[in-house]
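The values are calculated or read from the model by the stated rules, or taken from the named source; none is laboratory data. Owing to the predicted nature of the structure, the values given are computational and were not obtained by experimental measurement. All Cβ positions, glycine included, derive from the backbone under ideal geometry; neighbour counts span all protein chains shown.
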Amino acid sequence: MSSKELKNKPLVEALLELRWILASQVPQQQVGPQSDPHYRLLLGRFSERIEGDYPFHESLPPSEFPDVMVAHAPQHRFRVSKDSWPLIQIGPGIMTVNETARYTWPDFQKRCVEAVNKLFDAHPARGEFQVQDLTLRYIDAVDVDFDKEDVFSFLRDKMNVNIILPESLFAEDRVRKAPAAFNWQASFPNSDPGGTMTLRFAMGQRKGTPAIIWETMVQAGRDHVPMPSGFKNWLDRAHELTNDWFFKMIEGDLQRRFS
């Protein structure tokens, strides 16, 4: 497994997402809106703890709606400075840490661990604070001229991923073999660090240029991670897994391009 730092890394965004269980406003046997009775106090206490590293605050559109209507949607964003990354977002039942081009694993890992610890420290009723799930997610993109190379050929030749459709589907030339749109996703159970490993490819654009967008994501439910004591170990193991898959897929021409 390589851990080489790439000079021209294809990273669009790296993010950690933590969701916690919300309390229902109606009896448990009914279905109804969800809310976090401690969220407003948590928001104030958490923002105080991170303002030294993330002093620039932005209110997001969901902050204009009642909390009960925007469960698990970020309402507030805290940046290191205006229009800069990394940043932290928080809303009822959700907290994220996000980074882009300046990403390095040691810095991102440190920020994630600090954010989670401060979130737990800020909660006014820790005995009621239950994590629902954790997600470590990487979004990458590589430019592709789809007029010259179809997505299946690129994935096979450049990313060591072979997705095959029967040739007979295109035998009568009524349908072009090169797709006009493409979105493929698969999730796999994993035993270390536990949960699921998801891989997704899609045709899209990056900065106005046609590209293949791919996501590598590890997600774990609360049964897999003792929080907050086990968070750092889970994060490190999840990163090792995503890093391993990333370098195995770009081995060859793409790794030389990104290096």
Please state which of the following conditions Asp140 fails to meet, knowing it meets all the rest: (1) acidic (Asp, Glu); (2) at negative phi; (3) surrounded by fewer than 18 Cβ atoms within 10 Å (Cβ to Cβ).
(3)
In segment 143-194, the residues that are more than 27 Å from the chain's Cα centre (by Cα) and either under 30 Å from Ala220 (Cβ atoms) or β-branched (Val, Ile, Thr) (or both):
Ile164, Val175
One residue is enough: does segment 47-56 have a residue meeting the conditions modelled with pLDDT of 95 or more and part of a strand (DSSP E or B)?
yes
Among the numbered criteria (1) surrounded by fewer than 18 Cβ atoms within 10 Å (Cβ to Cβ); (2) within 17 Å of the chain's Cα centre (by Cα), which one does Gly252 miss?
(2)
Failed condition for Phe258, given (1) crowded, with 16+ Cβ neighbours inside 10 Å; (2) among the aromatic types (Phe, Trp, Tyr); (3) in contact with a strand residue (DSSP E or B) (Cβ under 8 Å, 6 or more places away or on another chain)
(3)
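Residues are listed down the side, and each one gets a yes or a no for (1) assigned by TED's automatic domain parsing to the domain that holds Gln255; (2) within 29 Å of Trp20 (Cβ to Cβ); (3) surrounded by 11 or more Cβ atoms within 10 Å (Cβ to Cβ):
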residue	(1), (2), (3)
Val161	yes, no, yes
Ile164	yes, no, no
Phe188	yes, yes, no
Arg200	yes, yes, yes
Met203	yes, no, yes
Lys207	yes, no, no
Met217	yes, yes, yes
Lys232	yes, yes, yes
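Could you run through segment 62-95 and say how many residues are touching a residue at least 12 places away in the same chain (Cβ under 8 Å) and not in a loop (DSSP other than H, G, I, E, B)?
16
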Over segment 221-246, the set of residues at pLDDT 95 or above and either in a strand (DSSP E or B) or closer than 19 Å to Glu13 by Cβ (or both) is Leu235, Ala238, His239, Leu241, Thr242, Asn243, Trp245, Phe246
Assess whether Gly44 counts as being assigned by TED's automatic domain parsing to the domain that holds Gln109, over 22 Å from Leu134 (Cα atoms) and modelled with pLDDT of 95 or more.
yes
Consider only pairs whose beta carbons are under 6 Å apart and that are at least six residues apart or on different chains; among these, list those whose first residue lies in segment 170-185 and is in the same structural domain as Leu155 (by TED's automatic domain parsing) and whose second residue is part of a loop (DSSP other than H, G, I, E, B) and among the charged types (D, E, K, R).
Phe170/Lys177; Ala178/Asp150
Would you tally the residues in segment 92-113 being at pLDDT 95 or above, closer than 22 Å to Arg45 by Cα and in contact with a strand residue (DSSP E or B) (Cβ under 9 Å, 6 or more places away or on another chain)?
7
I'd like to verify a number: residues in segment 97-151 that are assigned to a loop (DSSP other than H, G, I, E, B) and without any contact (Cβ under 8 Å) to a residue 60 or more places away in the chain, how many?
5
